[in-house]
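Take a look at the structure below.
The values are calculated or read from the model by the stated rules, or taken from the named source; none is laboratory data. Nothing here was measured: the structure is a model prediction, and the numbers come from that model. Cβ atoms come from the backbone with ideal geometry, glycine included; neighbour counts cover every protein chain shown.
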Amino acid sequence: MSDQSSVLADVRRGMIPAHLYNDRELFELERERVFGRAWVFVGHESEIPNSGDYVVRRVLEDSFIVTRDEQGVVRAHFNMCLHRGMQVCRAEMGNASHFRCPYHGWSYRNDGRIVGLPFHKDAYGGEAGFKRKGQRLLPAPSLGIYNGLIFVSMDPDAPPLEDYLGDFRFYLDYYTKQSSSGIELRGPQRWRVKANWKIGAENFAGDMYHTPQTHTSVVEIGLFREPKAEKRKDGCTYWAGNGGGTTYKLPSGDLDERLRYVGYPQEMVDRMKETLSQDQLRVIGEDGFMISAASIYPNMSFVHNWPKVADNTDQVLPFISIRQWQPISEDETEVLSWFAVDAEAPEEFKALSYKAYLMCFGSTGMFEQDDVENWVSLTNTAAGSMARRLLLNSRMGLLEDGTEVVPALTPDEFHGPGVAHTGYGEYNQRELLNRWADDLEQPVKAAVTMEVGYAEQVSSAQENSGPLRPVDDVAERAVEVAAPTGEQTGAGE
Ligand code: FES
Ligand SMILES: [Fe+2]
């Protein structure tokens, strides 16, 4: 492996060793140090609205049943049978009060507790040999929810999700809180591309520079009202907390006019005015910026755009997509792409917004096709020996001495948190890779192993646990960890 510390030092000065987009050893480090602790998106509450609803999602190879139990609590169970390790749930989504393992028939309630163990007495001598009571599928080490977005972390001591998102929450609300009812999702469409996962995350975080070139044809066929993709430099990129994104500059007008300009009907505009904060509204109404693509470190992205949805008209309509770059290996990524829409939007808006999404993103999307062609080609080229001799310049927006080509927007010019710049720049790509470098430098603590069948794992307080509090899951995980000494760790903390 190339010297890791020199790779990270180069990244920190904005020079990117080209091989990091296709490097097996770096990928093994990412597995441990990025995906071993980051908060990773696994689904949205609207995908599991009713008790028993579930979706099966992964964090790398770890499969989780993300479900709402009979008490309405959202849980993420490691999808591995406590007996001999078979995958308990083989469907991708559905509704079930119980999950029965296909191998020998152990069954679990949707809160994870074991309920059926065939021939318990004959096989184990009953409770004396295997304590069935209190055993449950392993919960994800940490689980958190923000605006209905469900995340898990492999780190039992992960910082609270809200802290992790930090000031990026300000921007997250534009996509997920256009009314008090939040969003509903359709999908995901899933497909694999032979590209490294970091490229999509970087592209959505801040690459306004590629639009005029990569997506020329989308502009030429007249899908957008603005004739020139170069207009993108008038927008700004921002970085805040653990994420960042891009915006478009809107024509002059007040808040209502600007929201209607991108195609929101007045009733949705009125709801946004009730739901978003004054500063969130100021970014649009006073500063004139409309959020577009964004990424949360490490591998979740968003997009918001407003193409024309019918021929021979200038009428545009906005759509939102949530996407995830799920790594398969250093040179392959599973893309998950959801359509998201405000739950209170009129039905006609939802239908047209879905159409707008399908034209641009998802497996039929024109942007998607354009983007992926680049990413696959880049990944392929990054595998060879020559890529190990090349440091890509990722310093766009900076002079050689570090001065910014265009100074950052002042708080009067941009009312959002974090740092924002107009003009072309690779500020956000650098932020994302610096964050990546920070993680790669830090080993993760060894995981605690959990024994099955001996310790009484669940206290009576846990049996009676109330409705959803993400922190409950953290406490519960702590209780369930039977330390090698037999003592229980952190109960009730
Ligand atoms: S592996 Fe699941 S019941 Fe045996
Ligand atoms: Fe693109």
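Applying the set (1) free of Cβ contacts under 8 Å to residues at least 24 places away in the same chain; (2) away from ligand 1 (no atom under 16 Å from the Cβ); (3) not charged (D, E, K, R) to HIS98 leaves exactly one unmet item: (2). The strands (runs of 3 or more DSSP E) found wholly in the range 72-134 and carrying at least 1 residues that are more than 16 Å from ligand 2 (Cβ to nearest atom) and closer than 21 Å to GLY43 by Cα occupy 74-78, 93-95, 98-100, 107-109. Taking the range 11-44 as the range and being under 14 Å from the mean Cα position of the chain (by Cα) and outside any loop (DSSP other than H, G, I, E, B) as the test, the residues that pass are TRP39, VAL40, PHE41, VAL42, GLY43, HIS44. Restricting the range 27-86 to residues that are among the polar types (S, T, N, Q) and within 16 Å of ligand 1 (Cβ to nearest atom) leaves a set whose member that is surrounded by the most Cβ atoms within 10 Å (Cβ to Cβ) is ASN79. State whether one or more residues within the range 380-399 are modelled with pLDDT under 95 and farther than 28 Å from VAL34 by Cβ. No.
Residue-wise test of (1) modelled with pLDDT under 95; (2) within 16 Å of ligand 2 (Cβ to nearest atom); (3) hydroxyl-bearing (Ser, Thr, Tyr).
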residue: TRP325; (1), (2), (3): no, yes, no
residue: TYR354; (1), (2), (3): no, no, yes
residue: GLY362; (1), (2), (3): yes, yes, no
residue: PHE367; (1), (2), (3): yes, yes, no
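A count restricted to the range 303-340 and to residues that are of a type in the set (Gly, Ala, Ser) and touching a Leu at 6+ places or on another chain (Cβ under 8 Å) stands at 1. The criterion of at least 3 residues that are within 30 Å of ALA446 (Cβ to Cβ) and not aliphatic (A, V, I, L, M) is met, among helices (runs of 4 or more DSSP H) falling completely within the range 150-211, by 161-165.
Conditions tested, residue by residue: (1) within 16 Å of ligand 1 (Cβ to nearest atom); (2) at pLDDT 95 or above.
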site: HIS104; (1), (2): yes, yes
site: PRO118; (1), (2): yes, yes
site: LYS131; (1), (2): no, no
site: ILE150; (1), (2): no, yes
site: PHE170; (1), (2): no, yes
site: GLY187; (1), (2): no, yes
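In the set SER394, SER377, SER363, SER385, only one residue is surrounded by 16 or more Cβ atoms within 10 Å (Cβ to Cβ), away from ligand 1 (no atom under 16 Å from the Cβ) and in the same structural domain as GLY285 (by TED's automatic domain parsing); that residue is SER394. Report whether or not ASP342 is of a type in the set (Asp, Glu), buried (at least 17 other Cβ atoms within 10 Å of the Cβ) and within 16 Å of ligand 2 (Cβ to nearest atom). Considered against the rule, which asks whether it is of a type in the set (Asp, Glu), buried (at least 17 other Cβ atoms within 10 Å of the Cβ) and within 16 Å of ligand 2 (Cβ to nearest atom), ASP342 comes out as no. Here ASP163 meets each of (1) within 14 Å of the chain's Cα centre (by Cα); (2) among the acidic types (Asp, Glu); (3) surrounded by fewer than 21 Cβ atoms within 10 Å (Cβ to Cβ) with one exception, condition (1).
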